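What follows is a single structure, written as structure tokens, with notes after it.
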Ligand SMILES: C[S@@+](CC[C@H](N)C(=O)[O-])C[C@H]1O[C@@H](n2cnc3c(N)ncnc32)[C@H](O)[C@@H]1O
């Protein structure tokens, strides 16, 4: 079952973006989310799974959930060749670090598929923009957890690690939520506290 890639997934002209925006989320970013957000229900879908960086931690730390993993690339962790934007699967929660070029599409479609929460790791700058403002601030967005440090993403092709100087945040949408968006910091644990596995 190989879906056709979205045109926006092709490498952009002019600079060396990774094909399909494949960057690997470091474990600390996933653990930071699990410390502050609780998930309900039985299923979690990681629909842009890459090499399973998020999925494997979810499988380990949330053993009571069925973790469904898929990615548009055939070699993706779990089910390969699945274009998330062309699939409707009802699940309780969605957690992913999506291709940034399709962040809004992932948020909108994720919200259609999830019964409870959608958690997306996005650039903090996703909050900006006049075009998306009307949707964003009435979209069920409940919390934005801002990293108080810069997290480093490795390129999916194994080339030299990127020094990510971009501010990132976990954006949490919740079904049925109407109200103010809460913005809060993610604080890095002190060394020796043995939290960031
Ligand atoms: C930023 S990487 C993140 C990978 C993984 N979630 C992680 O956190 O390490 C984005 C991933 O989205 C996948 N992707 C891009 N477009 C997609 C689409 N339309 N449907 C599903 N996956 C897609 C890419 O192949 C890539 O693995």
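The values are calculated or read from the model by the stated rules, or taken from the named source; none is laboratory data. The shown structure was predicted, so the numbers you read here are calculated from the model rather than taken from an experiment. Note: ideal-geometry Cβ built from the backbone for every residue, glycine included; neighbour counts use all protein chains shown.
Would you mind stating whether residue 38 is surrounded by fewer than 20 Cβ atoms within 10 Å (Cβ to Cβ), assigned to a loop (DSSP other than H, G, I, E, B) and modelled with pLDDT of 95 or more? So residue 38 fits the description; yes.
Across segment 15-29, which residue is modelled with the highest pLDDT among those that are out of contact with any strand residue (DSSP E or B) (no Cβ under 7 Å at 6 or more places or on another chain) and near the ligand (Cβ under 8 Å from one of its atoms)?
22
Of the helices (runs of 4 or more DSSP H) entirely within segment 48-165, those holding at least 2 residues that are buried (at least 19 other Cβ atoms within 10 Å of the Cβ) occupy 53-61, 103-113. Each residue in segment 62-104 was checked for being more than 13 Å from the chain's Cα centre (by Cα), away from the ligand (no atom under 11 Å from the Cβ) and under 21 Å from residue 173 (Cβ atoms), and 10 of them qualify.
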